[in-house]
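Note sheet for the following structure.
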Amino acid sequence: MTISLQSTPVATQPNWLDKIGAGHILLGIALVLYPLVASDFFLTQIGGYSLIFGMLGLSLMMLAGYGGMVSLAQITVAGIAAYCIAIFGDNNSHLLGFGWPWWIAAPVAILIAAIASSLIGWISVRTEGIYTIMITLAIATATFYFAQQNYAIFNGHSGYAGIRAPAFWGVNSRDPKAFYYLCLGFSVLAYAAILYGSRSTFGLTLQAIRDNPRRMRALGFNVTAHKVFAWFLAGIIGGLGGVLLVWFNGRVSPGTIGVDAAIDVLIIAVIGGLRHPIGPFLGALVVVLMQTFAIDLVGAERFNTLIGLVFLVIVFISPDGILGLWAKFKPNFSQESLRPGR
Amino acid sequence: MAENDMASRLQGTGAYALELDGVARHFGALVALSGINMRIAAGERRAVLGSNGAGKTTLFNAVTGDFLPTAGRIRFFGEDITDLPPHERIRRGLRRTYQISQLFKGLSVLDSIFLACRGVSRRRFSLLRPRLNDVNRVQAESILHAVHLDGDRDALVATLSHGQQRQLEIALALAGAPRFILFDEPAAGLSPTERRDLVAILNGLPKHIGYVIIEHDLDVALRVSEYVSMMHNGRLFKEGTPQEIEADPEVQEIYLGGKHG
């Protein structure tokens, strides 16, 4: 960054903004060209999977980073969408499976997930801080056990299998390249929406509520309604992630929405950083890489220990996660550029 | 809201901005407020004096709904607002400032004031960015100017000095056509110059905007008010013009004596 500053002698405010724009463009080109160099394994198991979990982390980042509400129930919201896809679409578990086409099933699944998210929000918005974490953990755990023991809707322990990603526009999205681009497209959409929305009226109200809910009431805002709406929006992103997740796995079972998965989403968001929507995607990439390769490095029995240690080290060095590390080693990437909408 | 519906709420007392009937607030066994009866006319400027713990801020909290009173009724321009949530009272034209600044440290100065304007306006849930010529943004810019914060419009609130934060605190209360404002020690921690600015801002408010001001600094309090209410141990115990209050020996004993003695 220092070098480029020297090459452009007049470093004014717009130039600086342009540079942030250039960062996005470079990242975009790299992500679009990634399939040219990546094997199928790296394309889906690393690329697609990171993008999907990045989206789940993004839905948490929106609630926690902008709204100050740390939720452990985002995987539950995603799971609800995933189960809906299995139930409304096709599966080979011989239960339900209405056979709706994907373009009806997917939007309905996302809407149901968003409504479920609003309900979870409505239950938890009266609490703050650690109590929000506890109540969302309770909801996530309860949903997990309910799914495991209910055979009429959730098909109990085994869940649903044989769910196939759709084929459309003559492209089969089960193909690794197509599936990667599908995930990339929706991730970019969600990322851009959050980045734009952070400077919208609602984005500002959410951040103001995080900073001082009492004052927001004294300015005429119905704080509870705004928080519940934030949960609804986060539910749309979480539900979208859930739909992609079930298309990716081809199956959904209580294990998909277990407590360890809930904690994975939290770790992704915290490792990445909660101050900018790029954070959860960075966090997801690190966690997915570790989960994939830690077994090779330290063996199957200790790979969780390694993940835990990396988590500790990152949080210990930088409370702002990878975003904070970035800021530390690149002085020009100051706190300013972490402000919403930049 | 229909005209006659509004009229039925007035109960013939619409000339008052604020009416308190027997307002009380208990915190467990502690009586913070008891039997407060108060009538404040529309456009009136009233100072509330009293030593620490007299119940002044508790009175404000009861009026704005930050903490509900345990007994009594509160009417705002004739309408009973006792059971309304805080944001509904604000939308009816009530505003307040806080003794300890209650601001948004992660937002810019302009965005903070913009939200204050938007809070009593439409499109609070808009997912669009406000345009440069958005009516609430334009309002925010002019309030920014009125409280002398033009130079810091894009600064993060957390980076403002104490005096600037107090100015922003006032700016938030001026947003969106207020009808009545509660100022809770607006001069706390201000320098003499900043106090003069504050007096100018208060005296420069449009005449139809009434307010109640809690202020320990008598130089400020008596110069910006027409009438003074004295509180002691959760009760109103004396009311009068600034001159009468200043000359009252009992007041000097409790308030001035306690503070300066």
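Nothing in this text is a laboratory measurement; each read-out follows from the coordinates by a stated rule. These figures come from a predicted structure and were not determined experimentally. No Cβ is skipped: glycine too gets one built from the backbone with ideal geometry, and neighbour counts run over all protein chains shown.
Name the residue from A:LEU204, B:GLY28, A:TYR160 whose Cα lies farthest towards the positive end of the charge dipole of the protein assembly as shown, charges +1 on Cβ of Lys and Arg and -1 on Cβ of Asp and Glu. In the protein assembly as shown, that residue is A:TYR160.
How would chain B be classified by its alpha-carbon gyration tensor: rounded, prolate or oblate, with rounded meaning a/c under 1.5 and the a/b versus b/c comparison settling the rest? Taking the square roots of the gyration eigenvalues as a ≥ b ≥ c, chain B is oblate.
By other beta-carbon atoms within 10 Å, ranking A:PHE316, A:PHE179 with the fewest at the front produces A:PHE316, A:PHE179. Descending by average beta-carbon neighbour count within 10 Å, the peptides A:187-198, B:147-158 line up as A:187-198, B:147-158, the highest first.
Inter-chain Cβ neighbour count for B:104-117, averaged per residue, equals 5 (cutoff 10 Å, partner chain atoms only). Per-peptide packing, taken as the mean over residues of other Cβ atoms within 10 Å, places A:118-125, B:26-33 in the sequence A:118-125, B:26-33 from highest down. Most tightly packed first, judged by the mean number of other beta-carbon atoms within 10 Å of their residues, the peptides A:100-109, B:116-125, A:280-289 read A:280-289, B:116-125, A:100-109. Of the beta bridges in the protein assembly as shown, as assigned by DSSP with both residues counted there, near 60 percent are antiparallel.
Taking amide H atoms as placed 1.01 Å from N in the peptide plane, the amide H of A:TRP100 lies under 5 Å from those of A:GLY89, each 5 or more residues away in sequence or on another chain. Evaluated with a Cβ-only charge set (Lys, Arg +1; Asp, Glu -1), the range A:39-338 carries a dipole of roughly 680 debye about its Cα centre, given to the nearest 20. Counting Lys and Arg as +1 and Asp and Glu as -1 over every other residue whose Cβ lies under 10 Å from the Cβ of B:GLN167, the net charge comes to -3. Considering only B:ARG129, B:ARG166, B:ARG75, the mean-square fluctuation computed in a Gaussian network model of chain B, springs between alpha carbons under 10 angstrom, is largest for B:ARG129.
Its Cα centre serving as origin, the range B:95-177 has a Cβ charge dipole (Lys and Arg +1, Asp and Glu -1) of approximately 440 debye. A cut-off under 14 angstrom between Cβ atoms defines the neighbours of A:ASN91, and their net charge, with Lys, Arg +1 and Asp, Glu -1, is +1. Distant-in-sequence amide contacts of B:VAL48, defined by a placed amide H-H separation under 5 Å and a gap of 5 or more residues or a different chain, comprise B:ILE213, B:ILE214, B:GLU215, B:SER229. Inter-chain Cβ neighbour count for B:128-138, averaged per residue, equals 2 (cutoff 10 Å, partner chain atoms only).
By the count of neighbouring beta-carbon atoms within 10 Å, fewest first, A:ASP264, A:ASP296, B:ASP248 end up ordered A:ASP296, B:ASP248, A:ASP264. Across the range A:207-219, computed HN-Hα scalar couplings (Karplus, 6.51 cos²θ - 1.76 cosθ + 1.60, θ = phi - 60°) run 5, 5, 5, 4, 6, 6, x, 4, 5, 4, 4, 6, 10 Hz from first to last residue, x flagging Gly and Pro.
What separates the Cα centres of the range A:151-224 and the range B:38-65 is a distance of 46 Å. Taken one residue at a time, the phi angles of the range A:257-265 give Karplus couplings (6.51, -1.76, 1.60, θ = phi - 60°) of 10, x, 5, 5, 5, 4, 6, 3, 5 Hz. Gly and Pro are set to x. Sorted ascending by nearby beta carbons within 10 Å, beginning with the fewest, B:PHE114, A:PHE41, A:PHE311 become A:PHE41, A:PHE311, B:PHE114.
Evaluating 6.51 cos²θ - 1.76 cosθ + 1.60 at θ = phi - 60° for every residue in the range B:212-217, the Karplus couplings come out as 10, 10, 8, 8, 7, 7 Hz, glycine and proline recorded as x.
The amide H of B:LYS238, built 1.01 Å from its N in the peptide plane, has B:MET230 as neighbours under 5 Å, considering only residues 5 or more places off or on other chains.
I want to verify a result. In a Gaussian network model of chain B, Cα cutoff 10 Å, which of these has the top mean-square fluctuation: B:ALA221, B:ALA146, B:ALA173? Among B:ALA221, B:ALA146, B:ALA173, the largest mean-square fluctuation in the Gaussian network model of chain B belongs to B:ALA146.
By its C-alpha gyration tensor, with a ≥ b ≥ c as the square roots of the eigenvalues, how is the range A:17-169 shaped: rounded for a/c under 1.5, else prolate for a/b larger than b/c, else oblate? Cα axes put the range A:17-169 in the oblate bin. Expressed to the nearest 5 percent, the antiparallel share of DSSP beta bridges inside chain B is 55 percent. Evaluate E = 1/(1 + (r/R0)^6) for A:LEU33 and B:ASP154, where r is the Cβ-Cβ distance and R0 equals 25 Å; express this FRET efficiency to the nearest 0.05. According to the calculation, E is roughly 0.10. Over all distinct Cα-Cα pairs of chain A, the Kirkwood formula returns a hydrodynamic radius of 20.8 Å. About its Cα centre, the dipole of the protein assembly as shown is roughly 780 debye, where the only charges are +1 on Lys and Arg Cβ and -1 on Asp and Glu Cβ. Each of A:PHE329 and B:ARG92 was given a label point 7 Å from its Cα along the Cα-to-Cβ line. The distance between the two points is 5.9 nm.
Per-residue shielding of A:196-203, expressed as the average number of other chain Cβ atoms within 10 Å of the residue Cβ, stands at 5. All other residues whose Cβ lies under 15 angstrom from that of A:ILE268 are scored, Lys and Arg at +1 and Asp and Glu at -1, for a net of -2. With helices as the sole contributors, the protein assembly as shown gives -16500 deg cm²/dmol at 222 nm; each DSSP H run of n ≥ 4 counts as -39500 (n - 2.57), and the sum is divided by every residue.
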